[in-house]
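Heads up: the structure comes next, in structure tokens.
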Amino acid sequence: MAHIDLGIDETRLPGITGLLAFRPETAGPLNDLANALLFEPNSLSRGDRELIAAYVSGLNQCTFCRGSHSAFAAAQLPGGSDLVAQVLRDPESAPISEQLKALLRIAAAVQQDGRRVTEALVNQAKEAGATDVEIHDTVLIAAAFCMFNRYVDGLGTLAGRDSSQYAAVAQMVVAAGYGALRPPEPVS
């Protein structure tokens with residue numbers, strides 16, 4: 001049960017989905033940010049961007065966000081959930097590109113403290129082929145997910161109990177982006 005009364009059944013709307021329904025005024029901008037970072041066209045694949053979100057959420061021990069974004073990444077990456085699990089365990093030994101490994105190092109630095117992103121980390125990413133936009137977006141995804149994780153956990157929301165819940169939502173996100181998670185407008 002969340003720390004505050006969300007006025008919804010948290011088993012049907014766990015994690016951030018219940019918070020978005022509780023405050024539609026803030027849901028729109030938050031969904032727009034997630035959509036811009038994770039769904040809209042980018043040189044990083046949607047799956048790679050979701051993997052960054054899942055990785056940071058795992059570092060933050062946010063069960064809901066780690067689970068949901070792992071499912072979203074798995075639905076969009078050739079290696080599926082096995083690859084996602086490998087990356088969450090140990091990105092350095094996972095079968096991913098050197099570029100993505102370098103970007104995950106940057107994301108981990110942001111998760112600890114943005115000032116831990118060093119010129120050396122940025123240069124490693126560039127040497128592995130990352131563009132300035134990809135480095136920028138990695139930092140912003142990591143920073144945004146620190147906020148999302150703290151939002152979800154700070155209000156004590158219920159994490160989904162069944163990973164199939166995440167897989168069902170993943171199909172909506174893959175097809176329509178984060179606009180699919182927008183709560184309905186109130187009827188006046």
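The values are calculated or read from the model by the stated rules, or taken from the named source; none is laboratory data. Quantities reported herein were computed from a predicted structural model and do not represent experimental measurements. Ideal geometry is used to build each Cβ from the backbone, glycine not excepted, and the neighbour counts take in all protein chains shown. Note: areas computed on protein heavy atoms with side chains; ligands, DNA, RNA excluded. Shrake-Rupley method; radii C 1.70, N 1.55, O 1.52, S 1.80 Å.
Some points to look at:
- In the full protein context, the stretch 32-83 carries 37 Å² of accessible surface per residue, based on a 1.4 Å probe and ignoring ligands, DNA and RNA.
- Shown is the FRET efficiency for GLU127 and ASP90, computed with R0 = 22 Å from the Cβ-Cβ distance and rounded to the nearest 0.05: 0.55.
- Value of [θ]222 nm, deg cm²/dmol, for the chain, DSSP H segments ≥ 4, -39500 (n - 2.57) each, nearest 500: -20500 deg cm²/dmol
- Ordered by solvent-accessible area of protein heavy atoms (1.4 Å probe), largest first, the residues LYS126, LYS101 come out as LYS126, LYS101.
- About the Cα centre, charge dipole magnitude for the stretch 1-139 (Lys/Arg +1, Asp/Glu -1 at Cβ), debye: 200
- Within the accessible area of the stretch 36-188 (1.4 Å probe), percent carbon and sulfur: 54
- Pairwise FRET efficiency - LEU155 versus LEU33, Cβ, R0 = 25 Å, nearest 0.05: 0.85
- Area accessible to solvent at HIS3, 1.4 Å probe radius, in Å²: 140
- Kyte-Doolittle at least -0.5, axis length at least 24 Å by Cα - qualifying DSSP helices, the chain: 132-154
- Positive-pole candidate from GLN165, PRO29, PHE72, dipole of the chain, charges at beta carbon: GLN165
- The stretch between ASP9 and GLN112, if pulled fully straight at 0.36 nm per residue, gains 33.7 nm over its current Cα-Cα span.
- Solution diffusion estimate, µm²/s, Stokes-Einstein, the stretch 1-135, Kirkwood Rh from C-alpha pairs, 37 °C, viscosity 0.692 mPa s: 205
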